[in-house]
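Read through the structure below, which is laid out as structure tokens, and then see the notes.
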Amino acid sequence: MTPTEYEYLRKFLKDNSGLDLSAEKQYLIESRLLPLARKAGMSGIAELVQKLQGGSRQLITDVVEAMTTNETFFFRDKVPFDHFRDHIMSEIIKARAAKRSVRIWCAAGSTGQEPYSLAMCLKEMGAALTGWRVEIIATDLSQEVLEKARAGVYSQFEVQRGLPIQMLVKYFKQIGETWQINPELRAMIQHRQLNLLHDFAQLGTFDVIFCRNVLIYFDQDTKINVFNRLARQIEPDGFLVLGAAETVVGLTDTFRPIAERRGLYKPNDPRAAVTKPVLAGVAPRMAAMAGR
Amino acid sequence: MKTCLVVDDSSVVRKIARRILEGLEFEVTEAEDGSKALEICQRQLPDAVLLDWNMPVMDGFEFMGHMRRLPGGDQPKVVFCTTENNVAHIAQALSGGANEYIMKPFDKDIIADKFAEVGLIPVGQAMV
């Protein structure tokens, strides 16, 4: 891949998906896009770039999907799901006792492991949620990924990553060499296509937003933009859950970390955010520290 | 250092498992069938057993039954690791006292995940 081709693909991915590749990610592009190019009968990356410049709509979709599909597994990182059960849901059960309803958004739902893990957590809570209206909306950029999530069919390899064996037996049905999640859990989740760079106000407001391991691919301005828009979709006493390597600190004052609960954030009063604009460069980190 | 007994009649599988487990900082001993594994356990119980099902002389399920009845035999974490990949076998293993269950083929990630699941290694270690 020539430097020109790499630069073209970097800019292309940035514009079309928000994916912000650093300078030395040639290997990532090659490992994801070479198989795609070959499958489409092309000789290599050079021809793929030519076709993209020619504006092939299907190819644009395929390339974005191939680059943004990430490895995921059930109960990934484990700790956020412990927080979800022990802290988030126990707070929400108290706060929404009259309304008896909870709305959860998996903003990077990928192939379904995260929303289904949440569904299993909720099922395990049993009687505490009897009579509750539970809504889980899982969104992803990729149609192909959403179809897999909807079907809820996983390989033997996939069901052995992060999923306790008792959960496998309890919530899945074996179909030949694959395992499908039970219809009851599938019915708990609505899968929708969504690009986080686009407007998502139509989804309504949520009590809990899981947005893990997707913003790490975005540049700073895009992250800030997404955080600020997420803040508008979250209830004032709601929770934002980020990935292990992600934070709002130094980027925005719209959320604040919860002490002793890594990865958990609460929205700040929106008026506070307006009066305290986030500055560029080193300053926002200090602004955020001062704001806590 | 925690100890893990690898019980499998295939020397290749034992070798692969040993390499993975040593990478996870276990001290590994091996046995080629349930009977030999039981002799080892009668001398000293390991912290973990990675256990094949189908083996000559004594199979993994029978071994687990005997081991669980030894003094302190309820302590080791038993992780089955077998080509028996159907719900009936999994349910039988769990009700017989297994803590986790791996369906072959396996790799480092699966072993690390399952060992973290039963508390043999910290969760963070499985992520590496």
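The values are calculated or read from the model by the stated rules, or taken from the named source; none is laboratory data. Quantities reported herein were computed from a predicted structural model and do not represent experimental measurements. Backbone-built Cβ (ideal geometry, glycine too); neighbour counts: all protein chains shown.
In summary, B:Leu120 fulfils each of the numbered conditions (1) in contact with a strand residue (DSSP E or B) (Cβ under 8 Å, 6 or more places away or on another chain); (2) outside any strand (DSSP E or B); (3) within 20 Å of A:Phe75 (Cβ to Cβ); (4) within 13 Å of another protein chain (Cβ to nearest Cβ) with the single exception of condition (4).
Among residues of the stretch B:66-95 that are more than 14 Å from chain A (Cβ to nearest Cβ) and at pLDDT below 95, none has a Cβ under 6 angstrom from a residue that is in a strand (DSSP E or B) and surrounded by fewer than 18 Cβ atoms within 10 Å (Cβ to Cβ) at a sequence gap of 6+ or on a separate chain. B:Phe106 meets all of the listed conditions (1) under 20 Å from B:Val13 (Cβ atoms); (2) within 13 Å of the chain's Cα centre (by Cα); (3) at pLDDT 95 or above but one, namely (3).
Only one entry of A:Val248, A:Val241 meets the criterion of being modelled with pLDDT of 95 or more, surrounded by 19 or more Cβ atoms within 10 Å (Cβ to Cβ), touching a helix residue (DSSP H, G or I) at 6+ places or on another chain (Cβ under 8 Å) and within 15 Å of A:Ala107 (Cβ to Cβ), and that entry is A:Val241. The number of residues in the stretch A:154-174 that are surrounded by fewer than 22 Cβ atoms within 10 Å (Cβ to Cβ), modelled with pLDDT under 95 and more than 10 Å from chain B (Cβ to nearest Cβ) comes to 2.
Go through (1) touching a residue at least 12 places away in the same chain (Cβ under 8 Å); (2) more than 30 Å from B:Ala93 (Cα to Cα); (3) loosely packed, with under 15 Cβ neighbours inside 10 Å; (4) not charged (D, E, K, R) one by one and return the number of the condition A:Gln202 breaks. It fails just one condition, (1). Apart from one condition, B:Gln42 fits all of (1) more than 11 Å from every other protein chain (Cβ to nearest Cβ); (2) part of a loop (DSSP other than H, G, I, E, B); (3) surrounded by fewer than 17 Cβ atoms within 10 Å (Cβ to Cβ); the exception is (2). Tallying residues that are aromatic (Phe, Trp, Tyr) and more than 21 Å from A:Gly176 (Cβ to Cβ) within the stretch B:81-118 yields 1.
Looking only at residues of the stretch A:175-199 that are within 14 Å of another protein chain (Cβ to nearest Cβ) and not in a strand (DSSP E or B), we find that the one that is surrounded by the most Cβ atoms within 10 Å (Cβ to Cβ) is A:Asn182. Within the stretch A:83-100, identify whether any single residue is within 14 Å of another protein chain (Cβ to nearest Cβ), closer than 30 Å to A:Arg186 by Cα and modelled with pLDDT of 95 or more, and answer yes or no. Yes, there is a match, as at least one residue in the stretch A:83-100 is within 14 Å of another protein chain (Cβ to nearest Cβ), closer than 30 Å to A:Arg186 by Cα and modelled with pLDDT of 95 or more.
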